[in-house]
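Just below is one structure, and these are the notes that go with it.
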Amino acid sequence: MSSHTLADHLARAIEQNQVPDLHAVVAVRHGQVVLEHYGEGEDFKLNEPLGHVRFTPDTLHDIRSVTKSVVSLLYGIALADGQAPEPHEPLLRHFPEYPDLAEDPQRAVLTIEHALTMTLGLEWNENVPYTSAANSEIAMELAPDRFRYILQQPIVEKPGVRWSYCGGASALVARLIEKGTGLALEDYARARLFEPLGITHFEWSTGEDGTALAASGLRLTPRGLLAIAQLVLDGGRGIVPTSWLATALRSHVRIDEGFHYGYQWYMGDTWMGGFGNGGQRIYVAPALDLAVAITAGQYNRPDQPTASVVLDEVILAGTKH
């Protein structure tokens, strides 16, 4: 189906108010842009209001938890360089600054893979708004030592069994990259992922301690976000090892029927992707040779349908095999 028709589909959805707070969408199929749209609306940089923004191809946008999926790619690069430990290795072995935690036999069994797959079995709750200290990710940011805060959480179930959403897991993975490479996460990302991809415009929000927020802090343009999706669709292009993608993008734990989790990536039967608060989305469908990036402003709402409507009812509905 032509890009003109997809644009018409989207225009109709906007007119009928089916996609409120849509900030941008870019979709590429068979290497050609089939849809590109920029809107306007209220935006935020994490909890900082940016006011009313008219979005353009060059406007940076929070990608929120899609950041986690980018961290997974960085881990794969560092691992191939011998600068990150293998996923099966004990997690606390690489945090020797917490010997008291390593002495706990229940914690000693935690592996890096448990962090990559969000199956740590630790008490963690992100089901309350990200403006509240009752949210574990916010509490982590307020703690004097974010990594101790994560690793000392009460163990509530056996590790490796059940997926439980945990931004702290992503923070641990990122810390291993920084320890192994000797670089700040954003500097490593710039050198080994963004610049090779042609992404020159990005920001990575940091915590009070100056540490890049690995769970939610990355800001990219829509085209930059799309470049990440396209890289995955293209099998890594020698930037991210193909072998890492094969491992990271297969199901390691079931979330729900037809919905699984790999290494910081979600997947269904025919797609893989990243999701972020407010309607941030990357979507990769290899069988359709399709890559999509969506940004939106539905932050902290219980229901955030815009990205799904754009994807399902505009792009996929208008895309023939």
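Per-structure values
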quantity	calculated
Residue match in the range 80-98 (condition: farther than 27 Å from ASN300 by Cα, small (Gly, Ala, Ser) and in contact with a Phe, Trp or Tyr (Cβ under 8 Å, 6 or more places away or on another chain))	yes
Exclusive hit being within 23 Å of SER136 (Cβ to Cβ) and of a type outside the set (Gly, Ala, Ser), set ARG254, ARG237, ARG192	ARG254
Single residue of the range 40-97 satisfying the filter (within 20 Å of the chain's Cα centre (by Cα), in a loop (DSSP other than H, G, I, E, B) and of a type in the set (A, V, I, L, M)) that is surrounded by the fewest Cβ atoms within 10 Å (Cβ to Cβ)	LEU46
Some residue of the range 278-286 being in contact with a helix residue (DSSP H, G or I) (Cβ under 9 Å, 6 or more places away or on another chain) and of a type in the set (S, T, N, Q)	yes
Selection count, the range 90-148, where residues are among the hydrophobic types (A, V, I, L, M, F, W, C) and closer than 16 Å to TRP163 by Cα	8
GLY274 being buried (at least 19 other Cβ atoms within 10 Å of the Cβ), closer than 26 Å to ARG175 by Cα and more than 13 Å from the chain's Cα centre (by Cα)	no
Count of residues meeting criterion [farther than 20 Å from ALA139 by Cα and part of a loop (DSSP other than H, G, I, E, B)] in the range 111-126	1
Per-region count, the range 220-259, residues assigned to a loop (DSSP other than H, G, I, E, B) and touching a strand residue (DSSP E or B) at 6+ places or on another chain (Cβ under 8 Å)	5
Number of the condition not met by GLN16 [criteria: (1) surrounded by fewer than 18 Cβ atoms within 10 Å (Cβ to Cβ); (2) more than 21 Å from LEU231 (Cα to Cα); (3) in contact (Cβ under 8 Å) with a residue 24 or more places away in the chain]	(3)
Evaluation of THR270 against (1) in contact with a helix residue (DSSP H, G or I) (Cβ under 6 Å, 6 or more places away or on another chain); (2) touching a residue at least 40 places away in the same chain (Cβ under 8 Å) (one fails), failing number	(2)
Of all residues in the range 110-125 being of a type in the set (A, V, I, L, M) and farther than 16 Å from SER72 by Cβ, the one that is nearest to the chain's Cα centre (by Cα)	LEU122
Test for ILE138: is it at negative phi and touching a Phe, Trp or Tyr at 6+ places or on another chain (Cβ under 8 Å)	yes
Condition broken by GLU208, with the remaining ones in (1) over 17 Å from ALA293 (Cβ atoms); (2) modelled with pLDDT of 95 or more satisfied	(2)
Counted residues, the range 46-67 - those being basic (Lys, Arg) and under 27 Å from LEU193 (Cα atoms)	1
Scope the range 105-160; condition in contact with a strand residue (DSSP E or B) (Cβ under 8 Å, 6 or more places away or on another chain) and exposed (fewer than 15 other Cβ atoms within 10 Å of the Cβ); matching residues	GLN106, ALA108, GLU123, PRO154, VAL156
Total residues in the range 203-216, condition in contact with a helix residue (DSSP H, G or I) (Cβ under 6 Å, 6 or more places away or on another chain) and either buried (at least 18 other Cβ atoms within 10 Å of the Cβ) or not assigned by TED's automatic domain parsing to the domain that holds GLN32 (or both)	5
Qualifying positions in the range 286-305 - hydrophobic (A, V, I, L, M, F, W, C) and either crowded, with 24+ Cβ neighbours inside 10 Å or free of Cβ contacts under 8 Å to residues at least 24 places away in the same chain (or both)	ALA291, VAL292, ALA293, ILE294, ALA296
Hits in the range 249-273 - residues which are within 18 Å of LEU316 (Cα to Cα) and charged (D, E, K, R)	ASP269
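The values are calculated or read from the model by the stated rules, or taken from the named source; none is laboratory data. It should be emphasised that the depicted structure is a prediction, and the values quoted were computed from it without experimental measurement. All Cβ positions, glycine included, derive from the backbone under ideal geometry; neighbour counts span all protein chains shown.
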